[in-house]
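J.: Encoded as structure tokens, here's the structure I'll be asking about.
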Amino acid sequence: MDVKVKGVTFRYPSGVLALSEVSLTIRAGETVALVGENGAGKTTLARHLNGLLQPESGEVWIGDWDTRQKSVASLSRRVGYVFQNPDDQLFARTVWDEVAFGPRNLGGTPQSVDSDVRSALARCGLHEAADRHPYDLPAAERKFVAIATTLAMQTPVVILDEPTTGLDAEGVRRLGDLVEGLKKEARTVLTITHDLDFGADHFERVVVMSRGRIRGDGPAREILRESTLLEEAHLRPPQLISLALALGLPTSPMTVPEFVADYGQYVARGRSAR
Amino acid sequence: MIEIHGFSFSYAGTQSPALHAIDLEVPQGQLCAIVGPNGAGKSTLCYALSGFVPHFYRGTLEGEILVAGRSVAHTPLSDLAGEVGLVFQNPFNQITGARFTVLEEVAFGLENLGVPRADILDRANEALRLTGLGELGDRSPYALSGGQLQRLAIASMLAMRPRLLVLDEPTSQLDPAGTEALFTHLSHLASSGSVTVVLTEHKLEWVASFADRTVVLSGGRIVADGRPREVLASPTIETLGIRPTRYTQAARAAAAGGLTPGGAGRALPVTLDQAAEFLRWT
């Protein structure tokens, strides 16, 4: 499902101008990493997509729905949002009830709710935690509970706000697998992240925000090499691209094998020159 | 500064200990990074150093933790507050909600320590400047982004100027520039000799760049302890659920392919600078 943000400006009641004429189109099935400095407006923009915030001017469209004409509850059928802090969205007494809350409120039958919850828990590796209280789980597992609540809603658009925060290597791998699964289902996935290695691993497009505006937008492999653009947004290229840049390699390796292949050519050129 | 002798702790109502037979000494002025997978006991160690274990989080403990010669378990939290500062993993748990502006929030702890009023403003403003919040002092804490809120939680503790600063994943929501600025400042504080810093962190490249020492926790036990490069480039950390940096992975793969300069046995890199040096042919 397409997402269209057209000339959106937003100011918080405190007077802080958080978004300034932001326009962005995300095609159905696209995976996009939204990056930028702390306070750039990333979360503010994402909260316009599920109607938690409404633009001061401009429009946001989710498919053929204008968010100004829809309630947050209605929009939750199309946009699933995993908050930066899972504790902002967990409230039920068991993991099962937490994950079932969304499908139940969407009017699912007991059988379909059961199926959706089982599937979401399995995908998040939580099938053994169904009867646990969410707050008896470690913070990293609560993050996956929050993700499961969104997956169970089967929304065509999924937003992950800083999903790698607090996750160890195994957690980031599990999260990456989830994103890859969503890609296979052609769901539209938007993540907000400072972890550009995670962005490089799983997202095809990168949008750079700074001070409430979009400063860069393009294929991940191109944008993540633009160190000046990234630096202006208080970011750094992913590690492998940083290393390629430091060695003067003209490429943007996204994986270790790619780096080794590029580096091998650099070494061969050096040897032949000598 | 820190002496931990045979310390074990189990949270009330749990069967297995979160920390098991920990022995650790951290001298004054050291920047000591604790790394490990989720559930390794890193946060519990932070709570134990700052007195939240056992004074707030109850449970069964054995052994002893001394900070500046005082037993943490036998010293009230209020007495420890001037000595030890803890930055929580989740900044939402740290903000008091009792003040209307960012500046007042940072001043809150200083007021409670009885710092003279004239000094409070200077110290609070300095902490805000150090954390990149200098222009946001008049803003409500609830109008901050997640990353800005984490900076505020850090500023609140920096302003207190504790002799032991404990930070639980302090950069989890910071952008890379903010992460570098924080590590630079913590490194300066530690190298001045007046502050000891213990922090937990998943971002190994920053640990390797700035920490004096890296301690690896797994399953509540210390399983490695040494210089960051030695510990973090070691193949054994992967078996503990810790992913080496891409710099380490790339250098190891390139060396295995016979592409790198120098002979066998060179120490693998962990940071960008180390990796560039490791891989560059001159």
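J.: Quickly run through the stretch B:57-71 and pick out the residues that are farther than 22 Å from B:Ser192 by Cβ and touching a Leu at 6+ places or on another chain (Cβ under 7 Å).
T.: Selection gives B:Ile65 alone.
J.: Would you be able to tell me the number of residues in the stretch B:67-120 that are in contact (Cβ under 8 Å) with a residue 24 or more places away in the chain and among the basic types (Lys, Arg)?
T.: So the answer is 1.
J.: Follow-up. Just give me the residues in the stretch A:155-171 being assigned to a loop (DSSP other than H, G, I, E, B), within 14 Å of the chain's Cα centre (by Cα) and within 13 Å of another protein chain (Cβ to nearest Cβ), in sequence order.
T.: Within the stretch A:155-171, A:Glu162, A:Pro163, A:Thr164, A:Thr165 qualify.
J.: Which one of the conditions (1) farther than 30 Å from B:Gly146 by Cα; (2) of a type outside the set (A, V, I, L, M); (3) assigned to a helix (DSSP H, G or I); (4) away from chain A (no Cβ under 14 Å) does B:Gly265 fail to meet, given that it meets all the rest?
T.: Condition not satisfied by B:Gly265: (3).
J.: Same structure, new question: Residue by residue through the stretch A:222-236, note down the ones that are within 10 Å of chain B (Cβ to nearest Cβ) and outside any helix (DSSP H, G or I).
T.: A:Ala233, A:His234, A:Leu235, A:Arg236
J.: Search the stretch B:46-64 for residues that are under 18 Å from B:Phe88 (Cβ atoms) and among the hydrophobic types (A, V, I, L, M, F, W, C) and pair each with any residue that is modelled with pLDDT under 95 and assigned to a helix (DSSP H, G or I) when their beta-carbon atoms are under 6 Å apart and the residues are at least 6 apart or on different chains.
T.: From residues that are under 18 Å from B:Phe88 (Cβ atoms) and among the hydrophobic types (A, V, I, L, M, F, W, C), there are no pairs.
J.: Return only the number of the condition from (1) more than 22 Å from the chain's Cα centre (by Cα); (2) surrounded by fewer than 19 Cβ atoms within 10 Å (Cβ to Cβ); (3) among the small types (Gly, Ala, Ser) that A:Ser119 does not satisfy.
T.: Of the numbered conditions (1) more than 22 Å from the chain's Cα centre (by Cα); (2) surrounded by fewer than 19 Cβ atoms within 10 Å (Cβ to Cβ); (3) among the small types (Gly, Ala, Ser), the odd one out for A:Ser119 is (1).
J.: When you scan the stretch A:17-31, how many residues do you find that are surrounded by fewer than 21 Cβ atoms within 10 Å (Cβ to Cβ) and touching a residue at least 40 places away in the same chain (Cβ under 8 Å)?
T.: 9
J.: Let me ask another. So which residues in the stretch A:113-154 are away from chain B (no Cβ under 14 Å), assigned to a helix (DSSP H, G or I), in contact with a helix residue (DSSP H, G or I) (Cβ under 7 Å, 6 or more places away or on another chain) and not β-branched (Val, Ile, Thr), if there are any at all?
T.: Listed by number, the residues that qualify are A:Asp116, A:Ala120, A:Leu121, A:Arg123, A:His127, A:Pro134, A:Ala148, A:Leu151.
J.: Looking for something out of contact with any His (no Cβ under 7 Å at 6 or more places or on another chain), surrounded by 15 or more Cβ atoms within 10 Å (Cβ to Cβ) and away from every other protein chain (no Cβ under 14 Å) - is there at least one such residue anywhere in the stretch A:34-41?
T.: No, the stretch A:34-41 has no match at all.
J.: Of all the residues that make up the stretch A:106-129, how many are within 23 Å of A:Leu175 (Cβ to Cβ) and either β-branched (Val, Ile, Thr) or touching a Gly at 6+ places or on another chain (Cβ under 8 Å) (or both)?
T.: Residues in the stretch A:106-129 being within 23 Å of A:Leu175 (Cβ to Cβ) and either β-branched (Val, Ile, Thr) or touching a Gly at 6+ places or on another chain (Cβ under 8 Å) (or both): 3 in total.
J.: Can I ask one more? Note down all Cβ pairs under 6 Å where the first residue falls in the stretch A:175-187 and is in contact (Cβ under 8 Å) with a residue 60 or more places away in the chain and among the aliphatic types (A, V, I, L, M), the second is surrounded by 19 or more Cβ atoms within 10 Å (Cβ to Cβ) and part of a helix (DSSP H, G or I), and they're at least six residues apart or on different chains.
T.: A:Val179/A:His202
J.: Still on this structure, I have one more. On the basis of being more than 9 Å from chain A (Cβ to nearest Cβ) and in a helix (DSSP H, G or I), does B:Leu165 make the cut?
T.: Criteria not met by B:Leu165.
This table checks each residue for (1) surrounded by fewer than 24 Cβ atoms within 10 Å (Cβ to Cβ); (2) closer than 22 Å to A:Ile241 by Cα.
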residue	(1), (2)
B:Thr196	no, no
B:Leu204	no, yes
B:Val215	yes, no
B:Ile222	yes, no
B:Ser234	yes, no
B:Glu238	yes, no
B:Thr245	no, yes
B:Ala250	no, yes
B:Ala254	yes, yes
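J.: What helices (runs of 4 or more DSSP H) completely inside the stretch B:198-249 contain at least 2 residues that are of a type in the set (Ser, Thr, Tyr)?
T.: Output list reads B:236-239.
The values are calculated or read from the model by the stated rules, or taken from the named source; none is laboratory data. These numbers were taken from a predicted model, which means no experiment stands behind them. A quick note on method: Cβ atoms are made from the backbone with ideal geometry, for glycine too, and the neighbour counts reach across all protein chains shown.
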